[in-house]
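A.B. asks: Shown below is the structure under consideration.
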Amino acid sequence: MLTRTKRVTLTFQHPFSLKGVDRRLAAGEYEVATDEELIEGLSFPVYRRVATMIFLPGDAHRSPSIEMVNVDPADLAAAQQQDQAA
């Protein structure tokens, strides 16, 4: 099965929260990757989303690491809407 990954950078002006993340995230830029797979057998290319991940900075006091967390795209969109409304 053919897969592709789309990457975008989202900017949050205010601290925000996401389901599945046990801490409040600081305002700033976050990279989001979406994996999609090709649905075969159609006369034109169609992809379906199989995973959405956000890259989070690790705890700077422990080590300079990056954490990749699976997120629900709807939760991510809701966090963006709340950020824009604030």
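A.B. asks: Determine, yes or no, whether residue 35 is among the charged types (D, E, K, R) and either part of a strand (DSSP E or B) or surrounded by fewer than 12 Cβ atoms within 10 Å (Cβ to Cβ) (or both).
C.D. replies: When the stated conditions are applied, residue 35 passes them.
A.B. asks: Give all pairs with beta carbons closer than 6 Å in which a residue from the range 61-81 that is under 12 Å from residue 20 (Cβ atoms) meets a residue that is basic (Lys, Arg) and modelled with pLDDT under 95; count only pairs at least 6 apart in sequence or on separate chains.
C.D. replies: 75/19
A.B. asks: How about the range 1-28: which of its residues are exposed (fewer than 11 other Cβ atoms within 10 Å of the Cβ) and more than 17 Å from residue 70 (Cα to Cα)?
C.D. replies: 1, 2, 11, 13
A.B. asks: Under the condition of being touching a residue at least 12 places away in the same chain (Cβ under 8 Å) and of a type outside the set (A, V, I, L, M), which residue from the range 38-49 is surrounded by the most Cβ atoms within 10 Å (Cβ to Cβ)?
C.D. replies: Checking each candidate, the answer is 47.
A.B. asks: Quick check on the range 1-20: of everything there that is modelled with pLDDT under 90 and more than 14 Å from residue 73 (Cβ to Cβ), which residue is nearest to the chain's Cα centre (by Cα)? Let's see the steps before the verdict.
C.D. replies: The first filter runs over the range 1-20 and keeps only residues modelled with pLDDT under 90, leaving 1-2, 20.
Filter once more, keeping what is more than 14 Å from residue 73 (Cβ to Cβ): 1-2.
Numbers: 1: 23, 2: 21 Å.
Among them, the one singled out is 2.
A.B. asks: Name the pairs whose Cβ atoms lie under 8 Å apart, with the first residue in the range 15-34 and in contact (Cβ under 8 Å) with a residue 60 or more places away in the chain and within 15 Å of residue 84 (Cβ to Cβ), the second outside any strand (DSSP E or B) and among the aliphatic types (A, V, I, L, M), and 6 or more positions between them or separate chains?
C.D. replies: Matching pairs, first to second residue: 16/27; 16/79.
The values are calculated or read from the model by the stated rules, or taken from the named source; none is laboratory data. Note that the structure is a prediction, hence the values are computed from the model and not measured. Backbone-built Cβ (ideal geometry, glycine too); neighbour counts: all protein chains shown.
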